[in-house]
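Undergrad: Please read through the structure below; I'll follow up with questions.
The values are calculated or read from the model by the stated rules, or taken from the named source; none is laboratory data. Given the structure is predicted, the values throughout are model-derived calculations rather than measurements. For neighbour counting, all protein chains shown are included, and Cβ atoms are generated from backbone atoms with ideal geometry for every residue, glycine included.
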Amino acid sequence: MGCIELMDYKILLSNISFKEGREYIRRNFREVYEVEPGYKLFDVYLIGVPPIQIAIEDDYVIFTYVKPCRGTFVLKIEGKEEIELLRRSK
């Protein structure tokens with residue numbers, strides 16, 4: 001893929017701090033993984049304050065996404081392949 005903007009995503013939270021996004025994911029989802037900045041998800045390298053939280057719910061990936069000059073968001077994107085890769089890597 002390479003561009004989150006071109007994907008079908010849902011914004012769960014916007015205009016938040018990275019810490020608020022991390023806490024939201026930790027509190028609201030059961031299956032949560034921690035990755036380091038630079039982890040590749042949907043062909044995009046994640047940036048942010050470690051550890052970066054990624055949650056899985058059904059066939060969706062939920063994660064904090066920092067878009068420079070736009071802010072920090074928690075996004076929900078369908079991603080069966082990404083889920084398999086994440087589960088295998090952890």
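Undergrad: For the range 54-66, which positions are in contact with a Phe, Trp or Tyr (Cβ under 8 Å, 6 or more places away or on another chain) and either part of a loop (DSSP other than H, G, I, E, B) or within 12 Å of Ser17 (Cα to Cα) (or both)?
TA: Answer for the range 54-66, where residues must be in contact with a Phe, Trp or Tyr (Cβ under 8 Å, 6 or more places away or on another chain) and either part of a loop (DSSP other than H, G, I, E, B) or within 12 Å of Ser17 (Cα to Cα) (or both): Thr64, Tyr65, Val66.
Undergrad: For residues in the range 56-71 being buried (at least 16 other Cβ atoms within 10 Å of the Cβ) and more than 15 Å from Leu85 (Cβ to Cβ), which is modelled with the highest pLDDT?
TA: My answer is Ile62.
Undergrad: Of the conditions (1) surrounded by fewer than 18 Cβ atoms within 10 Å (Cβ to Cβ); (2) modelled with pLDDT of 95 or more, Val74 satisfies every one except a single condition; which number is it?
TA: Condition (1) is where Val74 drops out.
Undergrad: Identify the single condition in (1) more than 17 Å from Ile77 (Cα to Cα); (2) buried (at least 16 other Cβ atoms within 10 Å of the Cβ) that Gly21 does not satisfy, given that it satisfies every other one.
TA: (1)
Undergrad: Here's something else I'd like to know. Which of the residues belonging to the range 1-49 are at positive phi and of a type in the set (Asp, Glu)?
TA: Asp43
Undergrad: Here is a follow-up. Assess whether Ile25 counts as being modelled with pLDDT of 95 or more and assigned to a strand (DSSP E or B).
TA: no
Undergrad: Looking at Tyr65, is it within 14 Å of the chain's Cα centre (by Cα) and free of Cβ contacts under 8 Å to residues at least 24 places away in the same chain?
TA: Answer is no for this residue.
Undergrad: Picking from Val44, Val32, which residue would you name as being within 20 Å of Met7 (Cα to Cα) and among the β-branched types (Val, Ile, Thr)?
TA: Checking each option against the conditions leaves just Val44.
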